[in-house]
Amino acid sequence: MNPRRAAIGLACLALAALPRHWLEASMLRHMLLQLPLLVAAGWMPARRRSGANPGALARYDEHGVCGLTALLFITAYWMIPRALEQSINTPWAEVAKFISLIALGAILPGSLKRANWIVQLFFLGNFSWMMAIAGIQYQDMPQRLCNAYLLDDQAWTGAALVAASVAIAIAWCWRLAPAFSNNPSKANHHVSTATDA
């Protein structure tokens with residue numbers, strides 16, 4: 001394990017955990033800051049390790065499908081406002097949030113490396129679409145979706161989710177574009193190695 005990446009992962013965990021009450025006081029900070037920090041806490045230590053020594057997990061995730069399916073299910077659950085509210089009010093839900101998102105971050109680098117560009121397009125496209133639809137719903141709802149957050153906060157979170165979904169799609173296309181412009185047959189290699197860059 002790279003000590004520098006492990007230190008960055010621990011820093012992300014500390015940033016997500018220590019100011020927990022401040023982050024969770026706002027839906028925007030909770031969903032768009034704390035949750036990505038938890039994923040990053042698992043991602044950073046695992047990023048290089050996934051390429052050098054994939055381990056036993058690779059046998060069950062040969063093409064990255066299992067890890068990317070976990071991405072859709074775990075993030076879909078934590079995009080539900082009531083789930084966020086439950087994590088604030090119930091200790092076991094808070095622990096489940098931390099464990100599930102850190103674990104997701106730990107498996108994603110290997111899954112992305114094993115997935116070819118078609119698999120990535122399917123799953124990341126669905127992920128971005130899901131974020132955008134959730135964001136639009138948050139903005140259009142005339143009532144609060146949970147008791148923990150105000151309607152204005154809900155609308156701002158919705159706008160941020162739409163922006164994040166567009167940013168993720170653009171970033172993925174940006175990483176893939178050089179491979180297609182030079183040689184489409186090398187696109188799969190470019191995308192898989194880009195996760196280690």
Fill in the blank from the handout: Kirkwood-based Rg/Rh on the Cα set of the range 3-194 evaluates to 0.99
Exercise for the section: On each of the three principal axes of the Cα atoms of the range 74-131, give max minus min coordinate, whole Å, ordered largest first. Expected result: 40, 23, 7
Completion exercise
So for R0 = 25 Å, FRET eff. of Arg20-Trp92 from the Cβ-Cβ r, to 0.05, ends up at 0.95
Completion exercise
The extension gain from Ile136 to Tyr60, computed as 0.36 nm times the residue separation minus the Cα-Cα distance, is 23.8 nm
Handout entry: Computed over the range 76-170: relative contact order in percent, which uses C-alpha pairs under 8 Å that are six or more apart
Key = 28 percent
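Laboratory data are not the source of any read-out in this text; all were calculated from the coordinates shown. None of these values were measured; they are calculated from a predicted model. As a convention, Cβ positions derive from the backbone with ideal geometry for all residues, glycine included, and neighbour counts pool all protein chains shown.
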